[in-house]
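Asks: Quick one: structure below, then a few questions.
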Amino acid sequence: MNKLKLNYFVCSGVIGLVVGIVIAVFMGVLEVATHFLWDVVPSWIGNPIFYPLLVCGIGGLLVGLVTRNLRQSTPADPTLALPDPAKVPAPATRNQLISGFLILLFGASVGPEAILAAVMVSVMAVLAKRYPFVETKEAELAEFSIGAMLGVIFAAPLFGISRSAEQADWRVITASKVRRYVLYLITMFTGFIGYTLTSTVFPNQEQVFAIRRLAPEYTWQGLLLVIPTLGLGILFGLGFSKLQAAAESFNHKIKNPVPLAITGGLILGLAGMVSPYLIFSGEHGVLSFSREAATMELWLLVAIGLGKVLLTMVCLAFNWRGGVIFPMIFSTVAIGLALSQVFHYSPGLILVVFVASAGTVILKQPLATTFLFLLLFPLNLFIWLLLASFAAHFLIQYISQQRTAALKQKRKMRRSIN
């Protein structure tokens, strides 16, 4: 192994450690601040019912002011959605970092992955200025760091790698790809080490991305319900994606972000008064929610699941911008648990098929979706997770191809008539 390759492997490992430490510090500081704002302060004043409305209203003002400065300083905002695996996002500016932190602190129904991706790129830019080797490989190392970040925050080690692999057609294996995947794994492994060691410094670290275990039982009735469940999951994913596109389009049309962010904060506060499960990303709430879901009525499960989706779209449209993966996970789990109540048979199977199919339509990557949910469900449901993800993907592709063919046929007919 020559010196250049050795440096590359060592650098990837060091980058992973840095990524883990940065994520742990960011999430740890956010957790401490969130605990103080949402637990300590309200206990001092008697836990008034209007507290979420007050806090989110103030948060809306702050988010609006920072967003206005952000738009004046730069046209790019990396905190809107999960970055494209084929592109490296722009580094985060100070205003973007402040905006992302405030949005998460004041209870937005969005996740931290988008702003953290921009932070990872910023870290790579700083290292590139100091170390010539990092500068020559900056784009690739930034991609590795984003993949490691995604794996760490979702507790899904292969999620980030699979997103990149699918983008580059994972079915075609070359020597350079194998080398990249090995470097990815090294970065991921050291990233988990850095995160685990650093996170012990911060208190109130809760378990994230987990649900109560459902019995993976199979019945013939449950197997018959797989197809309709798959269809409902695809419809849910399509609806989620269309609403997200509409929210982003609405946001781009707004000239003055301050009134918009305040309005969004007030809507967020009202939702928090109705149910604490509606606000925040859902990363800490999905476990307790899935436990309580066993005693919840059907209409309440549906209301929380759809309410989470709508509130996430309000956040995206009203400048409370961030990632959508955690809210997507929470909402699909809520609707999936509701479906398991309706169908009664094989609840674990129904849940995994619905979540996998909806998630695949939203993320547009079946392999990444499979690895994202891999640790969420019992291992003996893995085959259904894999099948549902790819079935949803191929069905969407087929429908898209049929629509394209139909449009081409209509155009030909119009030309022939003319």
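Asks: Can you spot a residue in the stretch 289-296 that is β-branched (Val, Ile, Thr) and in contact with a Pro (Cβ under 6 Å, 6 or more places away or on another chain)?
Replies: Narrowing the stretch 289-296 to residues β-branched (Val, Ile, Thr): 295.
When the remaining residues are screened for being in contact with a Pro (Cβ under 6 Å, 6 or more places away or on another chain), the result is none.
Within the stretch 289-296, not a single residue is β-branched (Val, Ile, Thr) and in contact with a Pro (Cβ under 6 Å, 6 or more places away or on another chain).
Asks: Can you tell me how many residues within the stretch 376-418 are open to solvent by 100 Å² or more (accessible area, probe 1.4 Å) and under 30 Å from the mean Cα position of the chain (by Cα)?
Replies: So the count comes out to 5.
Asks: Report, by residue number, each residue of the stretch 241-291 that is among the aliphatic types (A, V, I, L, M) and modelled with pLDDT under 85. Even if it seems obvious, please write down each step before you answer.
Replies: Taking the stretch 241-291 and keeping what is among the aliphatic types (A, V, I, L, M), we get 243, 245-247, 254, 258, 260-262, 266-268, 270-271, 273-274, 278-279, 286-287.
Matches in the stretch 241-291: Ile254, Val286, Leu287.
Asks: Six or more apart or on different chains, Cβ atoms under 9 Å: show the pairs whose first residue is in the stretch 262-279 and hydroxyl-bearing (Ser, Thr, Tyr) and open to solvent by 50 Å² or more (accessible area, probe 1.4 Å) and whose second is at pLDDT below 95 and not in a helix (DSSP H, G or I).
Replies: Close Cβ pairs satisfying both conditions: Thr263/Phe318.
Asks: Would you check if there is a residue in the stretch 236-251 being closer than 25 Å to Val66 by Cα, in a loop (DSSP other than H, G, I, E, B) and open to solvent by 20 Å² or more (accessible area, probe 1.4 Å)? It would help to see each step written out before you state the result.
Replies: As a first pass, look at the stretch 236-251 and keep what is closer than 25 Å to Val66 by Cα: 244-251.
Applying the additional criterion that residues be in a loop (DSSP other than H, G, I, E, B) yields none.
No - not one qualifying residue is present in the stretch 236-251.
Asks: Which pairs have Cβ atoms under 9 Å, sit 6 or more apart or on different chains, and link a residue in the stretch 116-128 that is at pLDDT 85 or above to one that is open to solvent by less than 10 Å² (accessible area, probe 1.4 Å) and among the aromatic types (Phe, Trp, Tyr)?
Replies: Matching pairs, first to second residue: none at all.
Asks: Quick test for you: out of Val333, Val352, pick the one residue that is in contact with a Ser or Thr (Cβ under 8 Å, 6 or more places away or on another chain) and open to solvent by less than 60 Å² (accessible area, probe 1.4 Å). Before you say what the answer is, go through the steps one by one.
Replies: On the way: Val352 fails: in contact with a Ser or Thr (Cβ under 8 Å, 6 or more places away or on another chain).
That would be Val333, the only listed residue that is in contact with a Ser or Thr (Cβ under 8 Å, 6 or more places away or on another chain) and open to solvent by less than 60 Å² (accessible area, probe 1.4 Å).
Matching residues to (1) at pLDDT below 80; (2) assigned to a helix (DSSP H, G or I); (3) buried (at least 17 other Cβ atoms within 10 Å of the Cβ):
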position: Val152; (1), (2), (3): no, yes, yes
position: Gly160; (1), (2), (3): yes, yes, yes
position: Lys177; (1), (2), (3): yes, yes, no
position: Leu183; (1), (2), (3): no, yes, yes
position: Thr187; (1), (2), (3): no, yes, yes
position: Gly194; (1), (2), (3): no, yes, yes
position: Leu197; (1), (2), (3): no, yes, no
position: Asn204; (1), (2), (3): yes, no, no
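Asks: Also: Starting from the stretch 33-50, take each residue that is of a type in the set (S, T, N, Q) and list its partners that are not in a loop (DSSP other than H, G, I, E, B), counting only C-beta distances under 8 angstrom and pairs at least six apart or across chains.
Replies: That search, which allows pairs on different chains as well, returns Thr34/Leu104; Thr34/Leu105.
The values are calculated or read from the model by the stated rules, or taken from the named source; none is laboratory data. Predicted, not measured: the structure shown is a model, and the values here were computed from it. Note that each Cβ is placed from the backbone with ideal geometry, even for glycine, and that neighbours are counted across all protein chains shown. Just the protein is used for accessible areas: all its heavy atoms, side chains included, with ligands, DNA and RNA removed. Shrake-Rupley method; radii C 1.70, N 1.55, O 1.52, S 1.80 Å.
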